[in-house]
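The values are calculated or read from the model by the stated rules, or taken from the named source; none is laboratory data. If you're wondering where the values come from, they're calculated on a predicted model, not measured in any experiment. Glycine gets a Cβ as well: all are built from the backbone with ideal geometry, and neighbour counts include every protein chain shown.
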Amino acid sequence: MTGKRQNGMGGLWSGFAISIGILAAMLGFGGGAWAQTTPQYGKDMHIGVTSCAGSTCHGATSPWENSTVLQNEYITWSQKDPHGTKAYKVLLNDESKRIAKNLGLANAHEADLCLDCHADNAPKNKRGRFFQISDGVGCEACHGGAERWLGIHVSGVASHQDNIKAGLYATEDPVARAELCLSCHFGDDKKFVTHQIMGAGHPRMSFELDTFTAIQPAHYVVDKDYLKRKKVANGIRTWAIGQAIALKRRVDAAASPDRGWDGLFPELVLFDCQACHHPLTAPTWQPRPSTGLSPGVVRFDDSNLLMLAVIASHVDGELGVTLKQQTKALHGSVLKGADAYKAAANALKQTADTLVAKFASRNFGKDDIAALMNGVLAEAAAAEFSDYAGAEQATMALSAISSAARSMGMGDLAKAIDGPLNKAYDSLEKYDGWDYAGFRAAISEIKPIN
Ligand code: HEC
Ligand code: HEC
Ligand code: HEC
Ligand code: HEC
């Protein structure tokens, strides 16, 4: 989370809770935990952003009054959304030139390695006449190649389910959304930012599904009409599912024969960056009870695991215990060797699947909010967030909890969180030499609920 990110978040997340309907939070989401191929690799032709941008379709300059959708989605995406404004363009800047040069690429804007995440890099034979790679992360990179659903969705008679059968990607389903966003914001078995790419200069990445959903400038409104057509997961379920799928992705990579290893070393991008990258002038090591590790050992990046320990312990005590044991085993495996490491990652893969299914079929309500917030505060008090990545996830978790609280009519709780939360974001502003003391002080201002 760079300074830039912090400013973006500070401004944007605070307005979010108000704009998302109260109704949304109260309706349970069905939780269709079914796997849909992510759009880039789907079988349908990608028609191109211009096909969506007609003024009577999604290219209106202002929202239409009598329409079920806003119809100015294109303007929002092309003027405010980093997927439209920057994702492809940054591949032409000096930073990308340097990364490309360091990796021995001719250039970044023509390399699949970069385009896979910075554009809608569908295979060449799946690109329609109006498709332009320079559009960046276009509509169909998230909503799916429109070949089959374009016709029926323009006719206006197709239901959302009909559209999905015709290849529209289920972006409203938190499981499908998490799979989609994380495919670029962390990577998957087909595209991945390795430590080699980081070493070449790629910025560090972080993600939390509910917070990032909130700070992507919304080109849709969750109103009564929307709720008639679509099921909406509340922020807590979205957060929980996002964490479980992020864990799945991370341990998937750790256990993978081609992605988990880089010569003598395990893939370093899966470990806490600051376990290696920090100045030696001011020693920062301190024990973290949940890891069981002594000083001088490289820590697996367990920021998602820390959040999941809180959620799983609340939802299913036994599962919480299993998760904590498996987490410790993964940390400890680093001292035992490659086989122990892979076995520990594989064990967590199964637990991650169980967690996704649990969270997708559970309604998270008002009582959960207090319990989860207390859980995060307890971990903070136990000094579990002394790594930047953990503190960052805890901060985004409290931001998800605060917006969910507000939308469930618990405005006082949300207010009590928001002040300290801003200070927590401030403490994270600088990655190098971040302010752990400031973070702890901010979090301790939030009082647990009895
Ligand atoms: C697995 C997906 C993925 C791959 C592969 C990838 N990137 Fe990125 N890149 C991202 C994401 C996501 C961000 C935004 C990170 C954030 O803000 O959290 C990003 C950010 C960047 C930025 C900073 C953008 C800004 O606004 O400051 C640059 C520059 C960049 N990438 C260049 C590259 C280049 C060059 C390549 C190819 C060598 C590449 N990326 C490969 C996903 C990827
Ligand atoms: C980075 C991913 C992403 C991109 C790019 C994107 N969308 Fe979306 N879109 C979403 C998400 C997430 C939602 C909210 C969940 C849902 O309703 O499916 C959404 C919702 C919508 C909706 C539904 C509104 C409703 O009331 O049902 C429309 C229409 C839409 N997007 C059109 C577009 C168009 C047109 C573009 C390109 C100009 C675009 N989107 C680009 C992710 C994306
Ligand atoms: C095809 C790859 C891809 C997909 C899918 C994708 N993103 Fe992104 N996203 C990017 C890239 C690349 C950037 C960085 C753009 C830049 O700064 O140049 C980015 C940037 C962002 C940012 C701005 C982050 C910042 O640092 O300010 C947010 C928020 C975001 N994405 C949310 C989402 C959400 C939510 C989803 C899923 C609905 C999603 N993204 C799906 C590639 C993707
Ligand atoms: C196990 C230790 C270790 C971990 C964990 C680790 N790195 Fe590295 N990193 C290294 C080493 C060693 C180098 C090579 C240093 C050199 O070339 O001087 C390096 C190089 C880099 C460089 C290039 C630095 C330069 O001066 O050009 C960047 C950027 C980087 N790493 C980012 C990351 C990020 C981001 C993470 C976490 C996602 C991470 N590293 C995790 C050990 C680590």
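Against the numbered list (1) of a type outside the set (Val, Ile, Thr); (2) surrounded by fewer than 19 Cβ atoms within 10 Å (Cβ to Cβ); (3) assigned to a loop (DSSP other than H, G, I, E, B); (4) touching a Lys or Arg at 6+ places or on another chain (Cβ under 8 Å), Leu319 comes up short only at (3). Considering segment 26-61, the residues that are within 12 Å of ligand 2 (Cβ to nearest atom) and β-branched (Val, Ile, Thr) include one that is modelled with the lowest pLDDT, namely Thr50.
Could you tell me whether any residue of segment 340-353 is of a type in the set (Phe, Trp, Tyr) and farther than 25 Å from Cys273 by Cα? The answer is no, given that none of the residues of segment 340-353 is of a type in the set (Phe, Trp, Tyr) and farther than 25 Å from Cys273 by Cα. Taken as a whole, segment 147-156 holds no residue that is within 23 Å of Lys80 (Cβ to Cβ), crowded, with 21+ Cβ neighbours inside 10 Å and in contact (Cβ under 8 Å) with a residue 40 or more places away in the chain.
One residue stands out among those in segment 416-449 that are surrounded by 16 or more Cβ atoms within 10 Å (Cβ to Cβ) and of a type in the set (Val, Ile, Thr): the one that is farthest from the chain's Cα centre (by Cα), which is Ile446.
Among the residues of segment 301-316, those identified as touching a Leu at 6+ places or on another chain (Cβ under 7 Å) and not aliphatic (A, V, I, L, M) are Asp301, Asn304, His314. Among residues of segment 102-126 being within 16 Å of ligand 2 (Cβ to nearest atom) and in contact (Cβ under 8 Å) with a residue 60 or more places away in the chain, the one that is farthest from the chain's Cα centre (by Cα) is Ala122.
This table checks each residue for (1) surrounded by 14 or more Cβ atoms within 10 Å (Cβ to Cβ); (2) closer than 19 Å to Thr38 by Cβ; (3) not polar (S, T, N, Q).
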| residue | (1), (2), (3) |
| --- | --- |
| Ser78 | yes, no, no |
| Asp81 | yes, yes, yes |
| Leu91 | yes, no, yes |
| Ala111 | yes, no, yes |
| Ala122 | yes, yes, yes |
